[in-house]
Every structure is written in structure tokens, then in C-alpha cells.
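The values are calculated or read from the model by the stated rules, or taken from the named source; none is laboratory data. All figures in this text were calculated on a predicted structure; none of them were measured in a lab. Using ideal geometry, Cβ is built from the backbone for each residue, glycine included, and neighbour counts are taken over all protein chains shown.
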Amino acid sequence: MRTKTIHTSQLNPRYYHEHEKQQLLSKSMSESATEDIIDYDDDDSEARSQFGTRQYWDDMYIGMGDFSQEEYSWYYSWDTVKPYFTKYVPPPPPSKSLKSEFSNIPKILIPGIGNDGILLDLYSAGYTNITAFDYSANAIDRQHDLLYTNPRALKNIDLYVKDARNLNETNWIEKFDVIFEKGALDAIYLSGDGNVEMAVQEFTSVLKVGGIFMSVSGVVPEELRRELFPMDQWEWIRDGSDDLKAGYFVWKRTR
């Protein structure tokens, strides 16, 4: 794990206008976004671990948790991820940098983004068509702060407050070329029985046939992972079961 702290000058309110931030926050905190969050009765009581509770993550992103609220790279930083990511999803040519102008840039979905700084890393590497979400509104608030250091990224990366178990977005069906998650499946698995199955079903529905699913995971049991990604629906491009830290898994949706 690597903790990286943002310089306080980058997050100080005097370096940006608060009303601009609020306008950008409205994109993820609009009525349509917040309605997607399901109010599961006593949801946290079913969790296997504190890492599977919404309260734990809500607290962390406001500075009351065990890890840095500023920025935290769960499992691996971009330096470790980059060789795998660029191998299976080659970056677009440098000239194709604006998603509004080039429709062939891969559409990437990142669930459970938390306060990971990888959005800026991906954007800087040329992956400019990115959508990310988290079920903690505090996490999305932190992402807006992080992205403010790159105004173009802040403008072009779509951020939402959503629950992976029920994305409730009909216009997302088979929309994305790539799904990349880093610890999200683990947290969902720890949230209670049946939740990770629901999430994978949702992810499958929004990933194109032929699309790539990359997962950095160290908690989901191997037997369950093979049930979640059966070989009659997924091609196992890279099996990270024997990786020493967290496994780096890569699948292609075949149908």
C-alpha cells in the first residue's frame, strides 16, 4: 500500500471559488444521482468486516478513519498498475486527448473510486473517457478536490454517487469498454452475503461484449470468484490467484 499526501495548498479553499466546486458537485449529487442509492435496512449489520460498512468509508473520507483522507491508493499505486493496464488497454495516441472529440477512446468505468488518485494518473496517460462512482458521497466530494488540480480532468471525468448493487442506469447498458476496480469487489464482498454477486451482475450488464474487466482483489475467495466469472461467459486473460499481494485479474466478456 502507498499513502500519498496532497499538498495543503492544492486543497485550500482560497485557491478556488467555492461556487465553482458546488456547480461541479451538483453533477453527482443531483436528484437523479442520489435516488440511485438504495436504503437497505440495517445494511451495515450484515457486514463481515468494518471494511464492508458504508459508515466506515464515510468516516474515512472526512478524516475519521484509519487511512489518509487526502488520498489513498488501495493495494497498488499507478506505478504498479500501469504495466498491466496499458498492456490490456493500450492508451490512445497523444493527439486523441479530448473525449468530446474522439469517440474511439475506450470508455472506462471505475467503481468504488474512494479517494484514490488513480483518476488523474489515467487521465494523464491519455485515458480521458472515464466514469467513476462510489456509494459514499464523502468519497465523491474528495475526488472533486483531487481533480481540481487538473481543470480539464475535472471537467471531463464523470463522477457519481451510486451503489454497485443497483446502478439503475439504463443508458449504461453495454456502454463501457473497460471496468477497472481496485478493492471494490473486496469491500462489497465484506458487506454481506449476496452483495458481490449483485454487483458483478450489474457490472456485466454495463460492460460491452468483448470488453475488459480488470480487478485488483485479495479478499474474494477463489471459488466464489470462479463462480462470479464463469468460463462460459468470461475469458480468463490473467489469473492473479498466485500473486503475492493482491491478485491482478483480467477477464474479457465473451457473451
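Numbers at a glance
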| item | result |
| --- | --- |
| Checking Phe203 against (1) surrounded by fewer than 19 Cβ atoms within 10 Å (Cβ to Cβ); (2) closer than 24 Å to Tyr76 by Cα, the condition it does not meet | (1) |
| Members of segment 142-194 found to be free of Cβ contacts under 8 Å to residues at least 40 places away in the same chain, in contact with a Gly (Cβ under 9 Å, 6 or more places away or on another chain), over 23 Å from Val209 (Cβ atoms) and surrounded by fewer than 24 Cβ atoms within 10 Å (Cβ to Cβ), listed by number | none |
| Every residue from segment 113-141 that is part of a loop (DSSP other than H, G, I, E, B), farther than 19 Å from Phe176 by Cβ and either hydroxyl-bearing (Ser, Thr, Tyr) or without any contact (Cβ under 8 Å) to a residue 24 or more places away in the chain (or both) | Ser136 |
| Single residue of segment 114-133 satisfying the filter (among the polar types (S, T, N, Q) and more than 19 Å from Lys175 (Cα to Cα)) that is nearest to the chain's Cα centre (by Cα) | Asn115 |
| Selected residue (criterion: surrounded by the most Cβ atoms within 10 Å (Cβ to Cβ)) from residues of segment 108-129 that are of a type in the set (Gly, Ala, Ser) and within 25 Å of Tyr189 (Cβ to Cβ) | Gly114 |
| Flag if Asp232 is surrounded by fewer than 16 Cβ atoms within 10 Å (Cβ to Cβ) and under 28 Å from Asp79 (Cβ atoms) | no |
| Filtered residue count, segment 240-255, keeping only those that are of a type in the set (A, V, I, L, M) and part of a loop (DSSP other than H, G, I, E, B) | 2 |
| Unique match (being under 22 Å from Thr86 (Cα atoms) and either in contact with a helix residue (DSSP H, G or I) (Cβ under 8 Å, 6 or more places away or on another chain) or aliphatic (A, V, I, L, M) (or both)) among Arg165, Arg238 | Arg238 |
| Wholly enclosed helices (runs of 4 or more DSSP H) of segment 177-239 bearing at least 3 residues at pLDDT below 95 | 184-190 |
| Which numbered condition Lys87 misses (of (1) in contact (Cβ under 8 Å) with a residue 40 or more places away in the chain; (2) of a type in the set (D, E, K, R); (3) surrounded by fewer than 19 Cβ atoms within 10 Å (Cβ to Cβ)) | (1) |
